[in-house]
1. Taking the condition of being outside any loop (DSSP other than H, G, I, E, B) and either surrounded by fewer than 16 Cβ atoms within 10 Å (Cβ to Cβ) or of a type in the set (Phe, Trp, Tyr) (or both), how many residues in region 265-278 meet it?
2. From the list GLY198, GLY155, GLY217, which residue is modelled with pLDDT under 90 and in contact with a helix residue (DSSP H, G or I) (Cβ under 9 Å, 6 or more places away or on another chain)?
3. May I ask you to list the residues in region 229-244 that are over 11 Å from SER82 (Cβ atoms) and either basic (Lys, Arg) or part of a helix (DSSP H, G or I) (or both)?
4. Within region 214-257, count every residue that is at positive phi and among the small types (Gly, Ala, Ser).
5. Please specify each residue of region 34-44 satisfying the condition of being part of a strand (DSSP E or B) and touching a Leu at 6+ places or on another chain (Cβ under 9 Å).
6. Kindly list the number of the only condition in (1) over 25 Å from the mean Cα position of the chain (by Cα); (2) assigned to a helix (DSSP H, G or I) that fails for GLU281.
7. Given the criteria over 21 Å from ASN28 (Cβ atoms) and among the β-branched types (Val, Ile, Thr), does VAL138 qualify?
Amino acid sequence: MVEIKVTSDFSEIVSYNFENFLVCAKKNWLSNYPNMTAVSHWHSDIEFIIVLQGKILYSVNGKDQLLEKGQCIFVNSGQLHSSHAVNGCDCKFLCLLFHPSLFTTVEQIKDSYVKSISQNQNIPYYLLSHSVKWQSEVIIKLQEIFELCQTYDSGFELIVLSHLYSLWHTLYQNLLSTSPNEGFIVNKRLESLHSMIGYIQNCYSTKLTLEKIALAGCVCRSSCCDIFQSILGITPIQYVTNYRIEKSIEYLNNSTLSITEIAMRCGFNSSSYYTELFHRELGCTPSEYKKRILNST
């Protein structure tokens, strides 16, 4: 089960493949996430998702994009993103992340080529497909990087870096000439949402109120509700409930705690209330869910 962990600034702690090489290249199924949903999060790394099988609904800054087999999405540094199943169906995908610092050892390269994209507010994301030649080249390079990171033969880092530089050059040549993505959310509202989501993810086991959540984002209660609703399509309290249920699923999958203990650890007032919400969202009780896990092992 995939768990998203955050740092003190509420960005995700990325789990790289290698200790001293800031590249993450993994193959995954959406069903490995609680409820087949990766909750909204952000990080400073550049992210690419390539769909290998099925479909996935990918949201960046509150704007949904449907990705089908063979398609890829580039998600820029610092953007709030999440993913969801389409009609309850699973999806197999490649996830590749790399930190912009891989390109910043040379100041001229950092200032002229890296920041122009990674800090460009007009490019929060970009969709790629094989129908466009330069986009297909990027996708192929990403797949080659994935394979290199699985074998990691001697000197593989050099080949990966060469692919990344080539890939970045292709993005630089093509992305800066494109029009800004429609529906881009004002940066200050996203910053507030980053902080509020991070607060919830760090403090979900405690008593959370709308006032506390709004305070974390330095906004008033009404603005807090408006930001959640306009960007994520849910209320702050709904997000809290969803996140708590997702955390409880991790406990159900990976611990021997009782239902009552799980409810308390996840911030629910009682096991009965937790069971009621769980059944409403998943169509079964926590106990029934746990039995299914035991029967499948």
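1. 5
2. GLY198
3. Correct list: GLN229, SER230, PRO236, ILE237, GLN238, VAL240, THR241, TYR243, ARG244.
4. Final tally of qualifying residues: 1.
5. THR37, ALA38, SER40, HIS41
6. Unmet condition: (1).
7. no
The values are calculated or read from the model by the stated rules, or taken from the named source; none is laboratory data. Only a predicted model underlies this, so the values are computations on that prediction, with no experimental measurement involved. A quick note on method: Cβ atoms are made from the backbone with ideal geometry, for glycine too, and the neighbour counts reach across all protein chains shown.
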